[in-house]
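The values are calculated or read from the model by the stated rules, or taken from the named source; none is laboratory data. These numbers were taken from a predicted model, which means no experiment stands behind them. Virtual Cβ from ideal backbone geometry, glycine too; neighbours counted across all protein chains shown. We work out accessible area using only protein heavy atoms, side chains counted, and drop any ligands, DNA or RNA first. Shrake-Rupley method; radii C 1.70, N 1.55, O 1.52, S 1.80 Å.
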Amino acid sequence: MSSYSYQPGSAFHPGAQGSSSHGHVTGTPEQSNVVTQHGHNAPTYPVGFNGGPPYTQNERNHALGGDLGMPTSDNSFYPSHSQPQMPAPTTASTPGYQARYGHHLEPNASSLSMSSDTTSQNEISAPDTSTLQTQLAFYKRRIEEYEMGDEERSRKSKKAKTREKPPERCFRKAVSLYVSAQELYRDWNDDYLERNGMASAKFRDVDTKRNFDRNVSSFNKLLEYIPRLQMMIDGDASSQEIREYLHKIDQGGNAARSDDCNHIKEFFRDFLNAEHRPEVLFTKERTGRGVQNDITGKYLCPIHYNWDDPSVCTRIRAGNIMDPKFPIFVNYYLWFLYPDGYELPPNGRVEHLFLRSLILVKVWCYIFTSPGSAEAIIKNPNGGPPIRNRAYAPSTKSTKTNVARLIGMTSVTAHSIAYTVIMTGFNLTDALFWTSKYNNFNFHALYDFIVDYFRESTPESEDLLRWWNSMVFPNGVGAAIDRTEASTNASYSLLEASRATASTTFST
């Protein structure tokens, strides 16, 4: 007669007492759980212990792996709380069951022993080994997932979330580069009160009125790009909640602007080296650029002056802003805004090919669509404005949402072109950090000038937007243009004079 003993903390373990002719079932996931039979055609298993009632079929399956639950510290399994529970043991020694029941279990050989030759209601057949192997393989994978740890799961989750950028990051790119969202909201609110007869706005001069109208228009764009803000204003959000969200928009926009500035800085390294093949290669830093460099200096030179003239270079590099015959710091018609090889027409028409440079369109694509899309913009072999490579096939591998798609931008806007102009001009300088003015040149004023150029709807500005859309949105889009009053500063006046007389003489 042989007997079988129950080993807690694992699956049932048939073991001989004084004989080695009995089968074994191991309980760890690393082992195969194969039942070997020596001397018995159908080994039996007890279904109760300590004289307790027999287990049901389901309870046996749970113990054997039907529902192994969570692993214990000794790499064995115990049933989960949601399944039928084993009777609580009364003796102590086994760590696996102490974690489960709060105390130990020590098998009682006399109470668990029974004849293997006698068939009774307390005897059941051995489990199907293939089923056990499948179940244990499943739970082994479960263990590996848990062993991956919270840190790894958190890292993967964070990576997935950061692929989609929040819409607040579009603020500086597509709405207002220099004015805060809170300032825009203030002017927009004042305009609302004025239009509804609850207040009257008083402006000291035309420039103040122009800035006010620009801010109102910009805030309307912000409401278009971030519908949540419109819902907060129309809903029951408090003034404090609106101010806090506007502050969040400013922070997101500043962070995105900083990222763009760093990326474009490196983009220029590759572009300038490939385009001009200088003796001293450009690095990813802005150091070595600016007017002291022959290549970037010409890009930053106004089109009315011949950079190849040594006297011109000397005067520009000297930076004498008080020279009345050399007003380079208030002239916004710079070489990088025009195609390579551009020549100012005899009639002095500054709008001729204005804002149609290769580098400008490439930078716009780099920022608003994707770095890969910038490769579709190539130099015109016949000279003049750049062209789009019709054979270019965009990559389908990237799953990131670009800025234009994120905010629903389907056509080029005045603010996006102005943002691109500043990113391009600033990264041609040798400035060490972001600033609105550098070497007496006012980038903030240049930004406002570009925005206003498109807001004053003219045949030239409308044609320019159509050209931009054909370059970056070749599938066809519209072009909405805002309006504003004429300007009075130097570049605005120059534009008006250029249109009126079609001839202006500049001297050096």
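Structure data summary
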{"read-out": "Tabulated pairs, the stretch 188-202, first in contact (Cβ under 8 Å) with a residue 12 or more places away in the chain, second assigned to a helix (DSSP H, G or I) and not hydroxyl-bearing (Ser, Thr, Tyr), C-beta under 6 angstrom, 6+ apart or interchain", "value": "Trp188/Val216; Trp188/Phe219; Asp191/Val216"}
{"read-out": "Any chance Glu168 is farther than 19 Å from His444 by Cα, under 26 Å from the mean Cα position of the chain (by Cα) and not hydroxyl-bearing (Ser, Thr, Tyr)", "value": "yes"}
{"read-out": "Subset of the stretch 407-461 [touching a strand residue (DSSP E or B) at 6+ places or on another chain (Cβ under 7 Å) and of a type in the set (A, V, I, L, M)]", "value": "Ala431"}
{"read-out": "Residues of the stretch 353-386 satisfying the condition of being within 23 Å of the chain's Cα centre (by Cα) and under 15 Å from Tyr338 (Cβ atoms)", "value": "Val361, Lys362, Val363"}
{"read-out": "Residue match in the stretch 250-262 (condition: in contact with a helix residue (DSSP H, G or I) (Cβ under 7 Å, 6 or more places away or on another chain), crowded, with 18+ Cβ neighbours inside 10 Å, outside any helix (DSSP H, G or I) and at pLDDT 90 or above)", "value": "no"}
{"read-out": "Candidate set from the stretch 283-299 (those that are under 28 Å from the mean Cα position of the chain (by Cα) and either of a type in the set (Asp, Glu) or under 15 Å from Asn439 (Cα atoms) (or both)); member that is surrounded by the most Cβ atoms within 10 Å (Cβ to Cβ)", "value": "Arg286"}
{"read-out": "Counted residues, the stretch 184-232 - those being out of contact with any Asp or Glu (no Cβ under 7 Å at 6 or more places or on another chain), open to solvent by less than 30 Å² (accessible area, probe 1.4 Å) and among the polar types (S, T, N, Q)", "value": "1"}
{"read-out": "Hey, Glu266 within 30 Å of Asp340 (Cα to Cα), of a type in the set (D, E, K, R), in contact with a Lys or Arg (Cβ under 7 Å, 6 or more places away or on another chain) and open to solvent by 60 Å² or more (accessible area, probe 1.4 Å) or not", "value": "yes"}
{"read-out": "Residue satisfying all of: in the stretch 411-461; within 22 Å of Leu494 (Cα to Cα), among the acidic types (Asp, Glu) and touching a residue at least 60 places away in the same chain (Cβ under 8 Å); most open to solvent (accessible area, probe 1.4 Å) among these", "value": "Glu460"}
{"read-out": "Entirely in the stretch 437-508, the helices (runs of 4 or more DSSP H) that have 3 or more residues that are charged (D, E, K, R) and at pLDDT 90 or above", "value": "459-472"}
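Yes or no, residue by residue, for (1) modelled with pLDDT under 90; (2) over 25 Å from Leu222 (Cα atoms); (3) basic (Lys, Arg):
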residue: Pro345; (1), (2), (3): yes, yes, no
residue: His352; (1), (2), (3): no, yes, no
residue: Ser357; (1), (2), (3): no, yes, no
residue: Pro385; (1), (2), (3): no, yes, no
residue: Arg390; (1), (2), (3): yes, yes, yes
residue: Ala393; (1), (2), (3): yes, yes, no
residue: Val403; (1), (2), (3): yes, no, no
residue: Val412; (1), (2), (3): no, no, no
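Every residue, every condition in (1) open to solvent by 60 Å² or more (accessible area, probe 1.4 Å); (2) in a helix (DSSP H, G or I); (3) modelled with pLDDT under 75, yes or no:
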position	(1), (2), (3)
Thr134	yes, yes, no
Asp150	yes, yes, yes
Lys159	yes, yes, yes
Arg172	no, yes, no
Tyr178	no, no, no
Gln182	yes, yes, no
